[in-house]
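**Q** Below are the structure tokens for one structure; questions will follow.
The values are calculated or read from the model by the stated rules, or taken from the named source; none is laboratory data. Being a predicted model, the structure only gives us computed values, none of them experimental. In this analysis, Cβ positions are derived from the backbone assuming ideal geometry, glycine residues included, and neighbour counts consider all displayed protein chains. Heads up: the accessible areas ignore ligands, DNA and RNA and are worked out on the full protein's heavy atoms, side chains in. Shrake-Rupley method; radii C 1.70, N 1.55, O 1.52, S 1.80 Å.
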Amino acid sequence: MKYLSYSGEYIMNKNIKTILMAAALPLAMMAAPVYADFIIDDFGPLAPGGGGGTAYSVADNTADSTPNPVSPLAAPALGANTIMNGLADWTRSIQADLISGDLVETEICNNCQAAHLVSNSGSTGNGSFIYEASMGGSVDFSMYSMISFDYAADLAGAVVQFTFAGSTTDIITSGVLASTGTSAPSNLTGASATFGPGNYSAITRIQMDILGVSDLDFTIDNVTAVPEPGTMALLGLGLIGFAFRSRKTVTSVAA
């Protein structure tokens with residue numbers, strides 16, 4: 001009969017490698033780049049101190065293939081509404097697009113500090129928020145894993161879709177969202193859209209579309225890109241593990 005046993009040298013080396021791997025974990029995590037959340041739009045007041053009412057809005061009462069736009073608004077001063085992490089060379093514009101019925105409206109209000117898609121009874125439409133870089137600017141989103149946002153909706157069925165444009169165009173969606181009972185900003189709940197395969201390294205334009213259903217009133221707030229947690233740390237550990245990889249030394253003992 002034969003028995004297989006590990007040599008003493010292999011066992012000692014294995015123990016040393018285990019200790020080194022355990023020690024490498026916190027070091028790899030410390031060495032990994034730390035990326036903060038990136039605010040795409042927090043829909044705060046358009047000026048320090050706020051002010052009541054609707055900050056700006058656009059309505060569409062013609063069911064055709066052309067949405068009604070509002071001209072781009074330059075990034076407000078920090079301390080007010082923050083778009084694109086406060087980058088000065090980005091603008092935001094909004095659109096309303098009536099699909100059927102008589103009226104839909106896209107708006108951002110100061111007193112509730114949120115954005116809305118509001119549909120008349122029997123009307124269906126979409127609301128769009130468009131963020132564009134000027135002066136050749138771009139943002140690298142390749143280290144982010146998802147976009148989180150808060151929403152409230154009086155009906156189920158809406159979808160939030162994000163289109164990222166740079167050297168390529170990539171689309172991510174939230175999936176179909178449930179009703180929260182009402183569209184009141186006090187009734188917000190969290191949702192997200194996950195980045196899929198694509199090139200997000202030099203983004204110059206983002207379009208966020210609220211794709212509505214009939215009679216929908218919808219509120220959205222706190223739209224934020226969230227980084228992939230621990231990706232670089234895991235990569236570092238993988239490289240360390242590869243460096244310590246070795247063949248087992250086995251001896252054969254005959255009986």
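**Q** May I ask you to list the residues in region 168-196 that are in contact (Cβ under 8 Å) with a residue 24 or more places away in the chain, part of a loop (DSSP other than H, G, I, E, B) and more than 14 Å from the chain's Cα centre (by Cα)?
**A** Passing the criteria: Thr168, Leu177, Ala178, Ser179, Thr180, Gly181, Thr182, Ser183, Ala184, Leu188.
**Q** Among the residues of region 123-143, what is the count of those that are farther than 17 Å from Gln207 by Cβ and in contact with a strand residue (DSSP E or B) (Cβ under 8 Å, 6 or more places away or on another chain)?
**A** Here the count works out to 4.
**Q** Which condition number does Gly181 fail, the rest of (1) modelled with pLDDT of 95 or more; (2) on the phi < 0 side of the Ramachandran plot being met?
**A** Exception for Gly181: condition (2).
**Q** Within region 197-223, count every residue that is assigned to a strand (DSSP E or B) and either more than 27 Å from Pro72 (Cα to Cα) or touching a Pro at 6+ places or on another chain (Cβ under 8 Å) (or both).
**A** 2
**Q** Out of Phe141, Phe149, Phe164, I need the residue that is without any contact (Cβ under 8 Å) to a residue 60 or more places away in the chain, surrounded by 14 or more Cβ atoms within 10 Å (Cβ to Cβ) and farther than 24 Å from Asp64 by Cβ. Which one?
**A** Matching residue, one of Phe141, Phe149, Phe164: Phe164.
**Q** Let me ask something additional. Filtering region 91-138 down to residues that are acidic (Asp, Glu) and within 18 Å of Val223 (Cα to Cα), which residue is most open to solvent (accessible area, probe 1.4 Å)?
**A** Result: Glu132.
**Q** Can you name the condition, by its number, that Ala156 falls short on among (1) among the hydrophobic types (A, V, I, L, M, F, W, C); (2) in contact (Cβ under 8 Å) with a residue 60 or more places away in the chain; (3) surrounded by fewer than 21 Cβ atoms within 10 Å (Cβ to Cβ)?
**A** (2)
**Q** Of all residues in region 155-203, count the ones that are over 21 Å from Leu87 (Cβ atoms) and among the charged types (D, E, K, R).
**A** Within region 155-203, residues that are over 21 Å from Leu87 (Cβ atoms) and among the charged types (D, E, K, R) number 0.
**Q** For the subset of region 112-122 comprising residues that are among the polar types (S, T, N, Q) and touching a strand residue (DSSP E or B) at 6+ places or on another chain (Cβ under 8 Å), which member is farthest from Asn199 (Cα to Cα)?
**A** Out of the qualifying residues, it is Asn120.
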